[in-house]
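Working notes for the structure below.
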Amino acid sequence: MPDFPQMSMQQRVSQTMSQAQVQKMSQTQIMSLNLLAMSGADLRNEIYSYVAKNPALEIKSDSLETGVKSSHQEISASSRFSDNTRYGTASASGTAASDNFQAALESNADEREPLTDHLEHQLNSMKLTDEEKSLCLKLIYNLDEKGFHILAPISFLNPENPLHTEEFLSRCLNIVQNLDPIGTCTNNYRESLFVQAKISGMASDLSLFLLESQEHFEFLNPPQPQKIQKKIAEYLSEQKKLKFNQKDGISLSKDDFSIEEIYNSLDFIRTLDPYPARNFGTSQTNFISPDVIVTKNPDFEENQNGEAEFTVAYAREFLPKLEISKEYTSLIKSTEIKDGDTSELSERKKAELKFARNSVNEAKVFIESVLYRESTILKAAQEIVSAQIQFFRKGARFLAPLRQKDIAEKLGVHETTISRMASSKYLACEWGIFPIGYFFTNAVSAAKPKTDSKEQSEENQSAVASGKSQTTENAPLSKESVKYEIAQILEEHKNDKKALSDQKISDILAEKGIKVARRTVAKYRGELNINSSYER
């Protein structure tokens, strides 16, 4: 009989502990998901905000901050735990530097016209279509303080709009690049010099050749005519030895250039401005740091086993490195060792010990949540690269249909987790910086083209011989591709006596290997703002 009340008490204690664990796990999950949804900039602010509230969490280092000194080192244990207030001090040199910088900011306000305003004013005076003006404005507000792209320009094309082709983007880029100052809206200073040289109309073929690519631009290092002459001669000689030497860039009319010609090219290049936006204000400067960096493995060979073609890395250098305060952990250990029976501790010591334990536990949960965010983003990015391998090999036009659900299934997580992961995150690769959401596109199933077996067999053999797959059965097509095909079909038949019905468009698409129902055709036609056959 006496054992029953004790057993009941144990059960109640066990149940209470279990509920506490479930509650704690739920709070951890909530924090992890909240951090996952944050952008890199928001996470930086959250880290500094959390460090300010929890003295057991410290910033070990921060590559984006110079002269940072942890205030924890300036605080004694007696002053820290008593009222949960932390105090910090700055060195004399640090204080002086801060005062000087603040004075400079207050006394030398940047009154120059912002680059974006200057470009937009010129754009408003031009006769452009609404589509051209809209994209040009996006390109303008995508420039940093040097006048270079922040995000890859291709990411601003609307896949829902069939007018948004790469040719359309090139035309809009050319419009902005021709605005004053000439040469903005480029990837880097080398490309800016090349654009300025082309627009000037005074550049020789040799000057354009030297500025055309990074490989040619390296011939100017060092800018000594004799060495440049030798490098050009060696390069052209190697090009002649290549079996296939098809080049769309600047072609030179001759193989040898005199020292005087090279001098003239150097003099011309020196007249160009590598940073044409330097004389404008920076009040609207944007900054985006990538969350994931994808680089091509230079040692990759197609038939080599075990070697990844692309390396996917999490850009953790843009975030502060965290650690648990050693002072807090040592205090907890020393208190537990010296005072095995905590009942003998003073109320003050008990409160300090409880505060220290809670602070350390909460700091660990925060660090685990940050690591969960990193792990989820990295794993998802690896799957995205695998699914969009042709994009990373060949460029934006090879973007394949991809759903967030597909990545979620591969990682074994909910689709909303992938949605949070993609929100306000960026991926950097050789083609530029892209929002991660850019890699998710809609898909439409395709059918096998309506051709006889003999004709199809010949097509497949031809495809195999050319190294291209001709398998189209059940292959996914992007929704935008189908809408483009519909627009093309209607354009081709615009002069027909009888307008094509939606069913007839569906039949023509089927002949091309694209299986789309009549209702879907009507839906896509409506999204293209094209009237029905009765109204056309």
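The values are calculated or read from the model by the stated rules, or taken from the named source; none is laboratory data. Note that the structure is a prediction, hence the values are computed from the model and not measured. Quick reminder, even Gly has a Cβ in these numbers, built from the backbone with ideal geometry, and neighbours come from all protein chains shown. Surface areas here come from the heavy atoms of the whole protein model, side chains and all, with no ligands, DNA or RNA. Shrake-Rupley method; radii C 1.70, N 1.55, O 1.52, S 1.80 Å.
The table that follows gives values for the structure above.
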read-out: Residue 252/residue 326 FRET efficiency (R0 60 Å; Cβ-Cβ; nearest 0.05); value: 0.40
read-out: Ordering of 28-35, 151-158 by packing [mean C-beta count within 10 Å, highest first]; value: 151-158, 28-35
read-out: Extension gain (nm, one decimal) between residue 358 and residue 375, 0.36 nm per residue minus Cα-Cα; value: 3.6 nm
read-out: Residues of the range 128-272: accessible area per residue with a 1.4 Å probe, Å²; value: 54
read-out: Built amide H within the under 5 Å cut-off of residue 433, gap 5+; value: 152
read-out: With every protein chain in place, the range 157-222: carbon and sulfur % of accessible area (1.4 Å); value: 52
read-out: Distance in nm between pseudo-label sites at residue 411 and residue 221 (7 Å out along the Cβ direction from Cα); value: 3.7
read-out: Peptides ranked, highest mean first, by Cβ atoms within 10 Å: ranges 377-387, 167-177; value: 377-387, 167-177
read-out: Burial ranking of peptide ranges 315-326, 215-226 (average Cβ count within 10 Å, highest at the top); value: 315-326, 215-226
read-out: Cut-off 19 Å, label 7 Å out along Cα→Cβ of residue 28, residues of the range 347-390 by amide N; value: 357-377
